[in-house]
Amino acid sequence: MGKLIYRILGISFTLPLTLLARKVLDKAWRTAQGNEPPRNPRAPDARLSDVLAWAGLSGLTLAIGQFAASRAAAAAYHGLTGRYAPGFAPATTEAAGDQPAGD
């Protein structure tokens, strides 16, 4: 049941963060470049430098968003259940039944 709760929390943090990150990245691209981001690399007017920059920035933004959402979901899980989220327990408490110190 714990993994299910953590997954639900993960999704609830990932979706809004992904949408926000996408809007921020699009706005930053338009501000810096003065045109729309190259969403279709096969478009006849797509420049290689723009496509590579967009791919790199998109990947970086996605990785940061996933990291932030994962940490936020783990913190929410710990706040709701008093236990560490699956995969987030410190090594010393993992062997003690996944309980936070003091229980």
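Here are some residues: Ala21, Ala46. Which one is of a type outside the set (S, T, N, Q) and farther than 29 Å from Ala85 by Cα? First the steps, then the outcome.
Numbers: Ala21 fails: farther than 29 Å from Ala85 by Cα.
Only one candidate passes the filter, namely Ala46.
Ala43 meets each of the listed conditions (1) outside any helix (DSSP H, G or I); (2) touching a residue at least 24 places away in the same chain (Cβ under 8 Å) apart from (2). Find the residue count for the stretch 1-34, including only residues that are part of a loop (DSSP other than H, G, I, E, B) and surrounded by 10 or more Cβ atoms within 10 Å (Cβ to Cβ). Residues that pass the stated criteria total 0.
One residue alone among Ala55, Ala89, Ala85, Ala72 is within 28 Å of Leu4 (Cβ to Cβ) and either acidic (Asp, Glu) or part of a helix (DSSP H, G or I) (or both), and that residue is Ala72.
Where a number appears in this text, it was derived from the coordinates with a stated rule and is not lab data. Here the structure is a predicted model, which means the values were calculated and not measured. Please note: Cβ atoms are built from the backbone with ideal geometry, for glycine as well, and neighbour counts cover all protein chains shown.
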